[in-house]
Amino acid sequence: MSRRRAPVKSDRIEELGDEEVITRVETNVSYSTTIPTKKTASSNTTDNGFSLFDIIRSLGFLLFLGATLSYYITGTWAWGYETQLTNPAYLRHSFKHNILGAPYLNLTDDQLSVYDGTRAGEPIYVGVGGKVYDVSANPLTYGPGGPYHFFAGRDAARAFSTGCFQTDLTWDVRGLDPDTVAKDIRGWQRFFEKNKKYFYVGQVVHPEPSGEPPKFCQGQKMPGGRH
Ligand code: HEM
């Protein structure tokens with residue numbers, strides 16, 4: 001004798017003559033489907049509809065706007081914060097030498113004299129014991145009318161050591177104590193190399209010194225031991 005059980009929803013019921021066959025339908029089917037979403041249509045687009053490119057472009061525009069405003073208001077590209085990387089002259093120079101492989105300058109004294117800040121559009125260079133630095137970022141000090149304009153466009157190594165700014169504007173250091181001169185010159189070279197506004201551009205090559213050596217003069221050293 002078979003016991004009759006109550007059908008459940010998933011059962012299939014068939015009538016065969018007098019009999020009613022109830023078949024338990026086991027549905028154990030798994031399936032997956034893929035519904036395309038917006039993200040897969042364009043993987044660079046966020047849920048808001050902005051692409052990564054839109055975000056980068058907007059940030060770039062804001063940076064450009066900020067830098068331009070800063071330049072017109074403060075005269076610097078980063079609201080007064082200055083490093084070599086905010087100095088367009090340094091960036092140009094670095095690209096030329098580090099990326100394009102351009103050689104460093106090799107100037108004569110006459111060629112160096114062109115860069116004394118009196119010619120519009122030309123950089124301002126200062127020579128110190130054969131090394132030449134671009135100081136265009138500080139025209140108030142080295143440009144015409146500036147307190148150290150006399151150092152621009154020449155190598156006044158002697159004055160860098162003695163402090164005699166009227167008589168010693170020359171690279172000729174004959175007659176001075178060689179150790180003191182070497183220490184003073186190295187100190188000022190280090191000053192220009194470490195300064196974030198200035199950078200090394202090459203060398204100036206002097207002729208052999210001849211004639212009478214400059215007269216001895218002892219001015220004042222830079223107070224506070226700057227170098
Ligand atoms: C060997 C003697 C000296 C040398 C070679 C020398 C050189 C310099 C140089 C190259 C600068 C410009 C620094 C820059 O680019 O920012 C400077 C700035 C200056 N020097 Fe002299 N200097 C000497 C002596 C003196 C003396 C004796 C005084 C004052 C009594 C003086 C007062 C100043 C002042 C006030 C500044 C401006 C500071 C600044 O704007 O950062 N210097 N000096």
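The values are calculated or read from the model by the stated rules, or taken from the named source; none is laboratory data. These numbers were taken from a predicted model, which means no experiment stands behind them. Methodologically, a virtual Cβ is constructed for each residue, glycine included, from the backbone with ideal geometry; neighbour enumeration extends over all protein chains shown.
List of remarks:
- Restricting the stretch 120-142 to residues that are among the hydroxyl-bearing types (Ser, Thr, Tyr) and touching a residue at least 60 places away in the same chain (Cβ under 8 Å), the residue that is nearest to residue 83 (Cα to Cα): 133
- The residue pairs whose first member lies in the stretch 90-111 and is under 23 Å from residue 171 (Cβ atoms), whose second member is of a type in the set (Lys, Arg), and whose beta carbons are closer than 8 Å, counting only pairs six or more residues apart or on different chains, are 109/154.
- Tally, over the stretch 191-223, of residues that are over 20 Å from the mean Cα position of the chain (by Cα), buried (at least 17 other Cβ atoms within 10 Å of the Cβ) and of a type in the set (Val, Ile, Thr): 1
- Condition met for residue 99 (modelled with pLDDT of 90 or more, surrounded by 11 or more Cβ atoms within 10 Å (Cβ to Cβ) and either outside the structural domain of residue 132 (by TED's automatic domain parsing) or farther than 27 Å from residue 156 by Cα (or both)): no
- Condition broken by residue 94, with the remaining ones in (1) modelled with pLDDT of 90 or more; (2) not in a helix (DSSP H, G or I) satisfied: (2)
- Meets criteria (of a type in the set (A, V, I, L, M, F, W, C) and farther than 15 Å from residue 220 by Cα) for residue 150: yes
Residues are listed down the side, and each one gets a yes or a no for (1) of a type in the set (Gly, Ala, Ser); (2) at pLDDT 70 or above:
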{"position": "3", "(1), (2)": "no, no"}
{"position": "10", "(1), (2)": "yes, no"}
{"position": "15", "(1), (2)": "no, no"}
{"position": "19", "(1), (2)": "no, no"}
{"position": "27", "(1), (2)": "no, no"}
{"position": "33", "(1), (2)": "no, no"}
{"position": "76", "(1), (2)": "no, yes"}
{"position": "89", "(1), (2)": "yes, yes"}
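Okay, residues lined up against (1) touching a strand residue (DSSP E or B) at 6+ places or on another chain (Cβ under 9 Å); (2) of a type in the set (Val, Ile, Thr); (3) in contact (Cβ under 8 Å) with a residue 24 or more places away in the chain:
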| residue | (1), (2), (3) |
| --- | --- |
| 144 | yes, no, yes |
| 147 | no, no, no |
| 172 | no, no, yes |
| 177 | no, no, no |
| 184 | no, no, yes |
| 214 | no, no, yes |
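- Test: residue in the stretch 173-184 that is among the polar types (S, T, N, Q), out of contact with any Phe, Trp or Tyr (no Cβ under 8 Å at 6 or more places or on another chain) and buried (at least 22 other Cβ atoms within 10 Å of the Cβ): no
- All positions within the stretch 44-74 that are modelled with pLDDT of 75 or more and outside any helix (DSSP H, G or I): 49, 50, 51
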